[in-house]
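Everything on this sheet refers to the single structure shown next.
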Amino acid sequence: MITYDELHNQNHKITEHANILHYLLADRSLCDSKVTCDLFFHFVDMVKEHIEVTDKHFYKHLLVCDQETKNTATKFMSGSVEIKKVFSEYLSKWCNKRGKQLRISDYENFKSETDEVFNMVLDRIQAETENLYPLVKEVTGDLRAVA
């Protein structure tokens, strides 16, 4: 079980990290610093954990409802699959597999792709907050947590 407060806290931390990283990664000289890399990989871990939690706790409640609710669940599940795919490809391209280090050979391309990935994650968080959470609350009748 996870509470909506915990989910909102996760979303806040992910958003905060994305905003800070946006500024740090805008300066090429900071991209290779240990502090930036630590923050970046903490962000990656938080996003992965958040997606796992959402996948585990939310859709099962929606897939047993009316067709419109099922369609919403399907849309979010498809989005989750796409985010995982894009995130995995991005990490494979720009990160050292053995250690938690960025591997930036083309900074302009890295910056552009990073902005796209971060925007995708932030758009997803906004959609969850505005659409998914209220729908699950409505379906389950529980305004505090989702099992």
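General remarks:
- Residue within the range 26-38 that is in a helix (DSSP H, G or I), within 19 Å of A145 (Cβ to Cβ) and open to solvent by less than 70 Å² (accessible area, probe 1.4 Å) present: no
- Matching option when the condition is without any contact (Cβ under 8 Å) to a residue 12 or more places away in the chain and closer than 23 Å to K13 by Cβ, among E82, E89: E82
- Considering T15, T54, the condition of being at pLDDT 95 or above, polar (S, T, N, Q) and within 18 Å of the chain's Cα centre (by Cα) is satisfied by T15 alone.
- Flag for V146 being among the β-branched types (V, I, T) and surrounded by 17 or more Cβ atoms within 10 Å (Cβ to Cβ): yes
- Any hit, the range 92-101, residues being open to solvent by 30 Å² or more (accessible area, probe 1.4 Å), in a helix (DSSP H, G or I), closer than 29 Å to L143 by Cβ and touching a residue at least 12 places away in the same chain (Cβ under 8 Å): no
- If you go through the range 45-71 and pick out every residue that is in contact with a helix residue (DSSP H, G or I) (Cβ under 7 Å, 6 or more places away or on another chain) and surrounded by fewer than 17 Cβ atoms within 10 Å (Cβ to Cβ), you end up with 4.
- Some residue of the range 102-110 being out of contact with any Lys or Arg (no Cβ under 7 Å at 6 or more places or on another chain), of a type in the set (S, T, N, Q) and farther than 23 Å from I14 by Cβ: yes
- Selection within the range 1-25 - over 20 Å from S112 (Cβ atoms) and open to solvent by 80 Å² or more (accessible area, probe 1.4 Å): M1, D5, E6, H12, K13, E16
- Qualifying residue in the range 34-42 (condition: of a type in the set (S, T, N, Q) and touching a residue at least 12 places away in the same chain (Cβ under 8 Å)): yes
- Among residues of the range 103-143 being of a type in the set (K, R) and modelled with pLDDT of 95 or more, the one that is surrounded by the most Cβ atoms within 10 Å (Cβ to Cβ) is R124.
The values are calculated or read from the model by the stated rules, or taken from the named source; none is laboratory data. Keep in mind that this is a model prediction, so the values were computed, not measured. Because the Cβ atoms are built from the backbone with ideal geometry, glycine has one as well, and the counts that use them run over all protein chains shown. These area figures cover heavy atoms from the full protein model, side chains too; ligands, DNA and RNA do not enter into them. Shrake-Rupley method; radii C 1.70, N 1.55, O 1.52, S 1.80 Å.
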